[in-house]
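As structure tokens, the structure follows; a few thoughts come after it.
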Amino acid sequence: MSKQITGFSKLTKEEKITWLATHFFIDKEQGIGTLESYWNSNKKLQKLHDDFIENTLSNFYFPYAIAPNFVINGRDYAIPMAIEESSVVAAASLVAKFWSTRGGFKTKVISTTKIGQVHFMYMDNESDLVTYFNSIKSELFKVTNNITKNMRQRGGGILDIELRNKTKDLDNYYQLHVTFETKDSMGANFINTCLETIANRFKDTDTLNIEVVMSILSNYVPDCLVRAEVSCKVEELYKEDSEYYAQKFITALAIANAEPHRAVTHNKGIMNGIDSVVIATGNDFRAVEAGVHTYASKSGQYKSLSNAKISGGIFSFWIEIPLSLGTVGGLTKLHPLAKLSLEILQNPSAKELMEIVAVVGLAQNFAALRALTTTGIQKGHMKMHLGNIIKQLTTDEKEVTYLLEYFKNRPISHSAVVAEFERIKA
């Protein structure tokens, strides 16, 4: 029986589920029950979620948590995080408390420029193209005036339009490289609308054969950059052997800069913190991921996003990353939890949100490197993961309590927990 369907999007939610259950569920009743169990009892709220995307059947929940005790530029924060990985929030909270007594986190937004490009092909004389571009450049700004009016009133808009020759990379390939300031908006729709308007005017010529291929923003924003840093005396880092462990910490960073296999895992840990806040505030974590990892490769080799040094007895640890975020528009104003997250963060500007997100990434990295270079990563991680393993085996309170106590001071692994559970059940 064919599993192809025409007009799926036009079916009701119930009809979609029935079709899916008929063709793909092993246990239809159980599968339908699982989907329905995640519906929100508030029908208005569920309708809001249904309308975010097409073909919605249910909701997929992430745990929503708070990491308290962050001090950023002298201001106290409790930071919302949406993530399913155990130990991430605990690590962030622990590090926040640690640095709160050592001056807290210091941050600075270095730049906020965003990028969009009109990609086009041109096969004729380049000097004619340059002459044409220079003659029409001011007009390219003017045709977007209606689109950029409100943004310009807020201090944003189009910063510049450049003609770039990319024929060394691809035959006949040129681009209009357009830079933007979008203030508190992430600005994707604004940028794309401007680009398409510019492209339509640019290709409207009878004298040159310009073929516009596409007009689209770039999620690589190396000039939308934020820095976060912590520092303290070396002797304040550890209870004992501070100098030794501080040097080991810096060596671990040097390895991440020298070895891409390590750098990827190193930076993934940073993104544990960054993504969780980006998701909680209704921003686009996929765009952030793409841009950040490209930035990590800017030297030609994938490297650590963070760095550290010891100078004059002071340990300094910092990160510089590109972050394109918004606090107005999109899900930030539609999703109730995203709105609440921004309220918890004291209604930050886009710049302030960049600083907060960078701090959580740095905190997460500090926690990971500190664990890796001392007790090892698994001790804390598996302790947090123990509860999840036990929940897969039993919900009996006596058994849960026993297993938690049994593994309190024993090595934790999935097989070890299963073996002990089977022993007590025998």
| Expressed as a whole number of Å, what is the distance separating the alpha-carbon centroids of the stretch 35-87 and the stretch 121-135? | 50 Å
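Using R₀ = 56 Å, calculate the FRET efficiency as 1/(1 + (r/R₀)^6) where r is the Cβ-Cβ separation of D223 and A426; round to 0.05.
Numbers: r = 64 Å, r/R0 = 1.14.
Computed FRET efficiency for D223 and A426: 0.30.
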| What are the GluC sites (Glu not before Pro) within the stretch 149-258 that DSSP puts in a loop, where the Cβ has at most 11 other Cβ atoms within 10 Å? | E240
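Based solely on its DSSP helices, what 222 nm [θ] is calculated for the chain when runs of n ≥ 4 H residues each add -39,500 (n - 2.57) and the sum is averaged over all residues, nearest 500 deg cm²/dmol? It would help to have the intermediate numbers written out before the result.
Working: 16 runs with 208 residues, N = 426.
When only DSSP H runs of four or more count, the value is -15500 deg cm²/dmol.
Too long at a 31 Å Cα-Cα cut-off: which of K298/K351; K44/K351; K108/K339; K239/K268?
Values: K298/K351 23 Å; K44/K351 33 Å; K108/K339 24 Å; K239/K268 28 Å.
Too far apart for the 31 Å limit: K44/K351.
How would you classify the stretch 304-426 from its alpha-carbon gyration tensor, with a ≥ b ≥ c the square roots of the eigenvalues: rounded for a/c under 1.5, else prolate if a/b is greater than b/c, otherwise oblate?
Numbers: a/c = 3.86, a/b = 1.56, b/c = 2.47.
It comes out oblate by the Cα gyration axes.
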| query | Of T18, T179, A96, whose Cα points farthest to the positive end of the dipole of the chain (charges on the beta-carbon: +1 Lys, Arg; -1 Asp, Glu; origin at the Cα centre)? | reply | A96
| note | Computed D for the stretch 214-276, Stokes-Einstein, Kirkwood radius over alpha-carbon pairs, 20 °C, 1.002 mPa s, to the nearest µm² per second, is 145 µm²/s
| said: Could you tell me which residue out of N145, V357, T56 lies farthest along the dipole of the chain toward its positive end? Charges go on the beta carbon: Lys and Arg +1, Asp and Glu -1, centred on the Cα centre. | reply: V357
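With an 8 Å Cα cut-off and a minimum separation of 6 or more residues, compute the relative contact order for the chain in percent.
17 percent
Sort F52, F25, F317 by Cβ crowding within 10 Å, fewest neighbours at the top. Please list the in-between numbers first.
On the way: F52 11, F25 15, F317 23.
Exposure proxy ranking, most exposed first: F52, F25, F317.
How much length would be gained if the chain were fully extended between I66 and E54, taking 0.36 nm per residue of separation minus their Cα-Cα distance, in nm to one decimal? Walk me through the numbers before you get to the answer.
Details: separation 12, 0.36 × 12 = 4.32 nm, distance 3.04 nm.
Stretched fully, the I66-E54 segment lengthens by 1.3 nm.
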| query | Using the alpha-carbon atoms, what tilt in degrees (0 to 90, nearest 10) does helix 377-393 show relative to the longest principal axis of the chain? | reply | 80 degrees
| field | For the stretch 279-351, with +1 on Lys and Arg beta carbons and -1 on Asp and Glu, the positive-most of V292, L342, G312 along the dipole | value | G312
| Between rounded, prolate and oblate, where does the chain land on the alpha carbon gyration tensor, with a ≥ b ≥ c its root eigenvalues, rounded for a/c under 1.5, else prolate if a/b exceeds b/c? | oblate
| field | Calculated from backbone phi, Karplus (6.51, -1.76, 1.60) coupling profile of the stretch 96-112 in Hz, x at Gly/Pro | value | 4, 5, 4, 7, 5, 9, 10, x, x, 8, 10, 9, 7, 7, 7, 7, 9
| remark: Relative to the chain, whose Cα atoms define the longest principal axis, helix 13-24 and its Cα axis are tilted in degrees, nearest 10, by 70 degrees
| query | Among Q175, Q153, Q301, whose mean-square fluctuation peaks in a Gaussian network model of the chain (Cα, cutoff 10 Å)? | reply | Q153
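In the stretch 34-108, what % of DSSP beta bridges are antiparallel (nearest 5)? Don't jump to the answer; show the numbers that get you there.
Working: 7 of 8 bridges.
Of the beta bridges lying entirely in the stretch 34-108, close to 90 percent run antiparallel.
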| message | Restricting to Cα pairs below 8 Å that are 6+ residues apart, what does the relative contact order work out to for the stretch 161-253? Please round to a whole percent. | response | 15 percent
| note | Looks like the stretch 2-137, by Cα gyration tensor root eigenvalues a ≥ b ≥ c and the a/c under 1.5 rounded cutoff (else prolate when a/b is bigger than b/c, oblate otherwise), is oblate
| field | Spatial separation of Cα centroids for the stretch 279-316 and the stretch 208-256, in angstrom | value | 3 Å
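Out of the stretch 220-254, which trypsin sites (Lys or Arg not before Pro) are coil in DSSP terms and have no more than 13 other C-beta atoms within 10 Å?
Values: sites: R227, K233, K239, K248; in loops: K239.
Filter output for the stretch 220-254: K239.
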| query | Each residue of the stretch 402-409 in order: what ³J(HN,Hα) in whole Hz does its phi give by Karplus 6.51 cos²θ - 1.76 cosθ + 1.60, θ = phi - 60°, with x for Gly and Pro? | reply | 4, 5, 4, 5, 4, 9, 4, 10
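Just want the ordering: I110, I389, from fewest to most Cβ atoms lying within 10 Å of their own Cβ.
Values: I110 12, I389 19.
With the fewest neighbours first, I110, I389 line up as I110, I389.
Which FRET efficiency value, to the nearest 0.05, is calculated for Q301 and E139 with the Förster distance at 45 angstrom and r the Cβ-Cβ distance? Write down the numbers at each step before the final one.
On the way: r = 42 Å, r/R0 = 0.94.
According to the calculation, E is roughly 0.60.
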| remark: Computed about the Cα centre, the charge dipole of the chain from +1 Lys/Arg and -1 Asp/Glu charges at the Cβ has a magnitude in debye, to the nearest 20, of 820 debye
| query | What list of ³J(HN,Hα) values in whole Hz, one per residue of the stretch 277-288 in order, does the Karplus curve 6.51 cos²θ - 1.76 cosθ + 1.60 (θ = phi - 60°) give from phi, with Gly and Pro shown as x? | reply | 7, 4, 5, 4, 9, x, 9, 8, 6, 5, 5, 4
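Just so you know, all these numbers are worked out from the coordinates, no wet-lab data involved. These numbers were taken from a predicted model, which means no experiment stands behind them. Here Cβ is always computed from backbone atoms with ideal geometry, including for glycine, and neighbour counts include all displayed protein chains.
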